[in-house]
Amino acid sequence: MALLLLAAIYGITQEGLFSQTIWNPVGLRRFQLYAEIFWAIAGAMIWWRPAWLGPLIGSIVVAYTAWYWGIGAPVAVIYFLGSSWLLGRRLARQANSATALLLGLAVWIFLISLAVHFPINTRAVYAIALAVPFVFGWRELAAAARAWRWPKATRLEALAQAALLFVLAAQWLVALMPEVSSDGLGMHLNAPMTIARDGLWKFDYQHFVWALMPMGADWAYAVAYILGGQLGGEGAAKMLDFALLVVVTLMIRDVARRWVPDTKATLTAALFASTPLVQLVTGSLFVENVWAAMILGGVLMLIEGQLVWAGVLLGTGLAVKLGTIAYIATAVLLGTVVAIRQKKAPQAALALVLLVVFAAPTYVTAWRKTGNPVYPFLNHIFRAPSFDTTAPFEDDRYRAPLSWRTLYDITFRTDKYYEAQKGGMGFQYFLLLIPAAFVASRRESRLLLAIGAAAAILTLRSEPNVRYLYPAFPLFSIGLAETPIGWGMVGVTALNVWFLPASNFYDKDFAVFRRDRRDAYVKSAAPQRELTEYLNRSAPGEPAAYFDGDLTAGLLGLAYSDTWHSYAYWWDLRKSENAEQLMAAFQRRHIRYVIAPVSGESYFPAARELFLRWTTAPLATAGTFAAYGLRDAPKSLPRPARPFDPTPVPPGDYDDMSHSIEYEGIWASGRYPMASGSTLTYSHGADDTAGLSFTGGGIEYWYTAAFNRGIAQVLIDGREKARVDLYAPSIRWQQKAALHGLGPGQHTIEIHVLKEKNIRSSDYYVDLDKFVVTP
């Protein structure tokens, strides 16, 4: 442990973890305010009534959520999970509360996966269906209420509990905010909103390539969204995700309690909850908490010899994410050993059957529709014609090979393994996992560590993305409980807390405490959502193309993103060599509206050309994005459509749209609020020119520097006076190159587009913002 601590200090200093911008200043101030309020309340409770701390914080969470999202959000979550718990109790009367809840939730996910095929997914249907366990299980509910006793706690136990609640409440405040993440708005909130709107899921894999992927967690989010109603639906879905984090955390504590004191078990749970990666998968609407809960519950059932229920939970895990295979591989081996030793062959066979049954709906649907049961994965083997058959579907950004350095790299070079900063995975596994393997004295601890390690190795060999390791973290965390550091866990927890925002780029401002500031937050972090609402009001049901991201949730028409999510459209976008070809792809799909950056920049050159030539002025703007309409495409547009006046102009400003500027070649014009006069004219055709005749002693050439700019040759009276490199790593508006001392009289300036550029530039564009003639 001492050697690992020295290695951690080396990693933190060598990799410059503290030199990163982890918190924005406003986020740090908000977090400090939260900490002051929390510890003032917790300190008073620990001193006065230690046993009241947990119920008080829980009550505050429920009440604040009801105020923030409306009463429908917490009621929907409590109703759904209460129904799941009662259903699980009916199935497994001897199971503990967490296992019963997960079993009931697994059954509901299975039933919902069948229901989404039909137009029956309404608020009334789910309100009635979820009431059935309450009708038949009211005695269970009454018995649980009679058996409940006010918790007891010493001040020391309450202090450990406060550490756990402090971390969980921080995660809750981030999860409480509106969804702004790409995956959340592109998939995991998109599906519930679509189901709530249409009453069913159409499995339209031709449009959304992810429509046939395992979506068990999304089915659960859909029910919470529908029950939460129009105002609280989004909050209900996000709070269900947070509730599953709480379930996983309490399961870690309760299992660890079997062999360590309550205080240490609570600190172990707090250490898990402080993992920075937890903030990514809980602060945004991801599926990892549902996934981890099912796998943790399944593995614990397996270790306890409850093979049948292990099959149900692991099958549901496979219905949530295909990566569950890494855990099933070791689980089947362990289950076989248990079945032989305890003579439970019939139970093992039933467990395998239930595992297949609970996982089947998604994979059977994919197989029936495409011929590929794991569509779009492994399509080079199954060869569904609607997706690429030449190569496996993989994330090429993160392909680091497994080596003896991997544990160091995923801890201190986390940005190489998923969309995070260094330190975004947390530090406890680097510091404590290897020691835990040596000191683990109980069979359960060793099995949990072994299953987690085997699954992690299989995952890293196939998909080296740290986010896919998440279900192993609860297994590891229980194993860490036996490491002999006690309250030293608080120090690692504090280190993790500082690096919470390093896990993603969405939550550096921490939380938005006030409900009336949610709209401003969304406009800043996900302006596409505001523009989506604009299109829903102004052009309901119309398709729209989204550029620079997947934030498509909520559009009443078909939404096309410039990523693999809209695979067929994305492929056309990649193949389009010019705006004419892209416009033809738009016309085939009846796309007449575009949501894109106001800068007009896009990864795709054809899109940039289309923005300049055939979009209208912005119909609405939000932050750095705007909604545009598409004009009918003319057959050709050799230059900006404007008359030309060759008369020399006197000193003054002459915008790029001035009739006195002559353009030769293929130039295009577009509207950009940050440019002078809100317009730019540009070209990347070699030898295209823009010129102006003027009377004066000097002239300034104003332009925009950007990452795709080339080099402009500036001629005065036919002689080269300058070569201006327009490249910049980010957009810089209203830059200028001044040419003075020309002498009095009449002169001519010409801007020539050269086939030359900075080596770092992605293209050869040269633009003209305006000319300024000086006396």
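The values are calculated or read from the model by the stated rules, or taken from the named source; none is laboratory data. Computed from a predicted structure; not experimentally measured. Using ideal geometry, Cβ is built from the backbone for each residue, glycine included, and neighbour counts are taken over all protein chains shown. Accessible surface is based on the protein model in full, side chains and every heavy atom, while ligands, DNA and RNA are left aside. Shrake-Rupley method; radii C 1.70, N 1.55, O 1.52, S 1.80 Å.
Kindly establish whether D688 is modelled with pLDDT of 90 or more, within 30 Å of A626 (Cα to Cα), touching a strand residue (DSSP E or B) at 6+ places or on another chain (Cβ under 6 Å) and not aromatic (F, W, Y).
Considered against the rule, which asks whether it is modelled with pLDDT of 90 or more, within 30 Å of A626 (Cα to Cα), touching a strand residue (DSSP E or B) at 6+ places or on another chain (Cβ under 6 Å) and not aromatic (F, W, Y), D688 comes out as no.
Kindly establish whether E542 is part of a helix (DSSP H, G or I) and either within 22 Å of the chain's Cα centre (by Cα) or touching a residue at least 24 places away in the same chain (Cβ under 8 Å) (or both).
Answer is no for this residue.
Only one of L240, L227 is closer than 23 Å to A191 by Cβ and either more than 21 Å from the chain's Cα centre (by Cα) or surrounded by fewer than 22 Cβ atoms within 10 Å (Cβ to Cβ) (or both); which?
Exactly one residue qualifies, and that residue is L227.
Exactly one of these conditions fails for T552: (1) outside any loop (DSSP other than H, G, I, E, B); (2) of a type in the set (S, T, N, Q); (3) within 17 Å of the chain's Cα centre (by Cα). Give me its number.
(1)
Run down S59, S84 and say which single residue is buried (at least 21 other Cβ atoms within 10 Å of the Cβ), at pLDDT 95 or above and either out of contact with any strand residue (DSSP E or B) (no Cβ under 6 Å at 6 or more places or on another chain) or part of a helix (DSSP H, G or I) (or both).
S84
Report, by residue number, each residue of region 659-673 that is out of contact with any Lys or Arg (no Cβ under 8 Å at 6 or more places or on another chain), surrounded by 15 or more Cβ atoms within 10 Å (Cβ to Cβ) and in a loop (DSSP other than H, G, I, E, B).
Scanning region 659-673 gives S660, I661, Y672.
Helices (runs of 4 or more DSSP H) wholly in region 327-440 with at least 2 residues that are open to solvent by less than 60 Å² (accessible area, probe 1.4 Å) - which ones?
Filter on region 327-440 gives 345-370, 406-412, 428-439.
For region 172-231, which positions are in contact with a Gly (Cβ under 6 Å, 6 or more places away or on another chain) and within 18 Å of V116 (Cβ to Cβ)?
Once the filter is applied, which keeps residues that are in contact with a Gly (Cβ under 6 Å, 6 or more places away or on another chain) and within 18 Å of V116 (Cβ to Cβ), region 172-231 yields M193, Y225, G228.
Within region 247-272, take every residue that is assigned to a helix (DSSP H, G or I) and of a type in the set (K, R) and give me the one that is nearest to L475 (Cα to Cα).
Taking the candidates together, the pick is R253.
Pairs, please: C-beta under 9 Å, at least 6 apart or cross-chain, first residue under 23 Å from F513 (Cα atoms) and in region 67-83, second acidic (D, E) and buried (at least 21 other Cβ atoms within 10 Å of the Cβ)?
Hits for this filter: W69/E234; A73/E234.
Looking at (1) among the hydroxyl-bearing types (S, T, Y); (2) surrounded by 17 or more Cβ atoms within 10 Å (Cβ to Cβ); (3) modelled with pLDDT under 95, which is the one condition that is false for S97?
Here S97 meets the rest and fails (2).
May I ask you to verify whether A450 is aliphatic (A, V, I, L, M), open to solvent by less than 10 Å² (accessible area, probe 1.4 Å), touching a residue at least 24 places away in the same chain (Cβ under 8 Å) and not in a loop (DSSP other than H, G, I, E, B)?
no
Could you please give the count of residues in region 143-195 that are within 23 Å of W52 (Cα to Cα), in a loop (DSSP other than H, G, I, E, B) and at pLDDT 90 or above?
1
So which pairs qualify, if the first residue must be in region 16-33 and free of Cβ contacts under 8 Å to residues at least 40 places away in the same chain, the second must be of a type in the set (A, V, I, L, M), the Cβ gap must be under 8 Å, and the two must be at least 6 apart or on different chains?
F18/I12
Considering only region 474-528, state which residues are more than 22 Å from the chain's Cα centre (by Cα), under 30 Å from L185 (Cα atoms) and either surrounded by 22 or more Cβ atoms within 10 Å (Cβ to Cβ) or hydroxyl-bearing (S, T, Y) (or both).
Hit for region 474-528 is L475, nothing else.
Find the residue count for region 171-219, including only residues that are polar (S, T, N, Q) and over 16 Å from the mean Cα position of the chain (by Cα).
So the answer is 2.
Which condition from (1) open to solvent by 10 Å² or more (accessible area, probe 1.4 Å); (2) of a type in the set (A, V, I, L, M); (3) assigned to a helix (DSSP H, G or I) is the one that I295 breaks?
Evaluating I295 over (1) open to solvent by 10 Å² or more (accessible area, probe 1.4 Å); (2) of a type in the set (A, V, I, L, M); (3) assigned to a helix (DSSP H, G or I) leaves (1) as the failure.
Can you go through A7, A51 and tell me which one is over 30 Å from G311 (Cα atoms), open to solvent by less than 70 Å² (accessible area, probe 1.4 Å), part of a helix (DSSP H, G or I) and out of contact with any Pro (no Cβ under 8 Å at 6 or more places or on another chain)?
Step by step, each of A7, A51 is checked, and only A7 is over 30 Å from G311 (Cα atoms), open to solvent by less than 70 Å² (accessible area, probe 1.4 Å), part of a helix (DSSP H, G or I) and out of contact with any Pro (no Cβ under 8 Å at 6 or more places or on another chain).
State whether the residues of region 716-728 include one that is under 44 Å from the mean Cα position of the chain (by Cα), open to solvent by 70 Å² or more (accessible area, probe 1.4 Å), touching a residue at least 60 places away in the same chain (Cβ under 8 Å) and within 14 Å of Y701 (Cβ to Cβ).
No.
Can you work out which of the residues in region 585-608 that are among the basic types (K, R) and farther than 18 Å from A539 by Cα is most open to solvent (accessible area, probe 1.4 Å)?
Filtering region 585-608 for residues that are among the basic types (K, R) and farther than 18 Å from A539 by Cα, the one most open to solvent (accessible area, probe 1.4 Å) comes out as R588.
Regarding region 202-220, can at least one residue be identified that is open to solvent by less than 10 Å² (accessible area, probe 1.4 Å), aromatic (F, W, Y) and touching a residue at least 12 places away in the same chain (Cβ under 8 Å)?
Within region 202-220, one or more residues are open to solvent by less than 10 Å² (accessible area, probe 1.4 Å), aromatic (F, W, Y) and touching a residue at least 12 places away in the same chain (Cβ under 8 Å).
Looking at G305, is it outside any helix (DSSP H, G or I) and either over 28 Å from F358 (Cα atoms) or of a type in the set (G, A, S) (or both)?
yes
The rows are residues; the columns are (1) open to solvent by less than 30 Å² (accessible area, probe 1.4 Å); (2) basic (K, R); (3) in contact with a Lys or Arg (Cβ under 9 Å, 6 or more places away or on another chain).
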site: A738; (1), (2), (3): no, no, no
site: H752; (1), (2), (3): no, no, no
site: D763; (1), (2), (3): yes, no, yes
site: V766; (1), (2), (3): yes, no, yes
site: D769; (1), (2), (3): yes, no, yes
site: V773; (1), (2), (3): yes, no, no
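Would you call E700 in contact (Cβ under 8 Å) with a residue 60 or more places away in the chain and either surrounded by 14 or more Cβ atoms within 10 Å (Cβ to Cβ) or charged (D, E, K, R) (or both)?
Against the criterion (in contact (Cβ under 8 Å) with a residue 60 or more places away in the chain and either surrounded by 14 or more Cβ atoms within 10 Å (Cβ to Cβ) or charged (D, E, K, R) (or both)), E700 qualifies.
Do the conditions hold for L582, that is, is it surrounded by 22 or more Cβ atoms within 10 Å (Cβ to Cβ), out of contact with any His (no Cβ under 9 Å at 6 or more places or on another chain) and within 17 Å of S386 (Cα to Cα)?
no
Being in contact with a Lys or Arg (Cβ under 9 Å, 6 or more places away or on another chain) and under 18 Å from V180 (Cα atoms), is that true of even one residue in region 478-489?
Checking region 478-489: not a single residue is in contact with a Lys or Arg (Cβ under 9 Å, 6 or more places away or on another chain) and under 18 Å from V180 (Cα atoms).
How many of the residues making up region 364-392 are closer than 29 Å to L277 by Cβ and touching a residue at least 40 places away in the same chain (Cβ under 8 Å)?
Summing the residues that are closer than 29 Å to L277 by Cβ and touching a residue at least 40 places away in the same chain (Cβ under 8 Å) in region 364-392 gives 5.
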